[in-house]
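Structure first, then comments.
Where a number appears in this text, it was derived from the coordinates with a stated rule and is not lab data. Bear in mind the structure is a predicted one, so any value in this text is a computation, not a measurement. Cβ placement follows ideal geometry from the backbone for every residue including glycine, while neighbour counts extend to all protein chains displayed.
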Amino acid sequence: MPAMARSFELMLVPGSKNPSRRNETTALSIQERIFHVERFFGRLCLSLAGFFLVVSFEGAPLTAQAGENEDVKALLQLENDMARAWVQRDTQTFERILADDYTLAGTADALIGKTEYIAGLHNPEFETDSAIVDELKIRVYGDAAVVTGRAAYKGRSKKRGNYLHRFRFTDTFIRHDGTWKCVATHASALAPD
């Protein structure tokens, strides 16, 4: 501001040899200074706006990611618990993880409910020695989550001998009262290696 005041003083000084020339120069000088001031404040406003946008957007995702990371860990643990429970014929784990209205769909065009699924654990016709889940992709959508992956179950069947069942699966989870429950599974068989 003091520089602009000086420009006005120069313009008003009496006895100038070429007042119009001085007025043009002073007017240009004033316009240039106004332009520079506007440009400075424009850049300052843009910088501040950018800073506040970055701060506001950086804070939210970090919190969401921290929450999502906890959810991802919990869902990963549930998937591993279910694989281990199948080998150990642990019905309590499935009672805890599967929702009451759980359904399993597969290539056999049948829907299997929770009760029927858990009863299958005690089928004396087969024994599962290992169950491995891998290639897991976990996506969390608030209180819903989708887990896709691949599984390989090895064991023995009384009728067919040793077996290896490989399949791709999609598990859908819903969080209710802070607890993740698997509400649906879809499994598609893969060709043996």
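Evaluate E = 1/(1 + (r/R0)^6) for ARG139 and ALA119, where r is the Cβ-Cβ distance and R0 equals 35 Å; express this FRET efficiency to the nearest 0.05. Plugging the Cβ-Cβ distance into 1/(1 + (r/R0)^6) gives 0.70. Taking a sphere under 12 Å around the Cβ of THR103 and counting the other residues whose Cβ falls inside, with K and R at +1 and D and E at -1, yields a net charge of -3. Stretched out straight at 0.36 nm per residue, the stretch from LEU76 to ALA110 would grow longer than its current Cα-Cα span by 9.6 nm. One compactness figure for region 82-174 is 1.12, namely its Cα radius of gyration divided by 2.2 N^0.38 Å.
What is the fewest-to-most order of ILE97, ILE174 by other Cβ atoms lying within 10 Å of their Cβ?
Going from least to most buried by this count: ILE174, ILE97.
Distance between the pseudo-spin-label points of THR170 and LYS158 (7 Å out from Cα toward the beta carbon): 3.7 nm.
Counting other Cβ atoms within 10 Å as a rough exposure proxy, the listed residues HIS122, HIS186 run HIS122, HIS186 from fewest neighbours to most. Listed by chain and number, the lysines whose alpha-carbon sits under 18 Å from that of LYS114, ignoring those within fewer than 8 places in the same chain, are LYS181.
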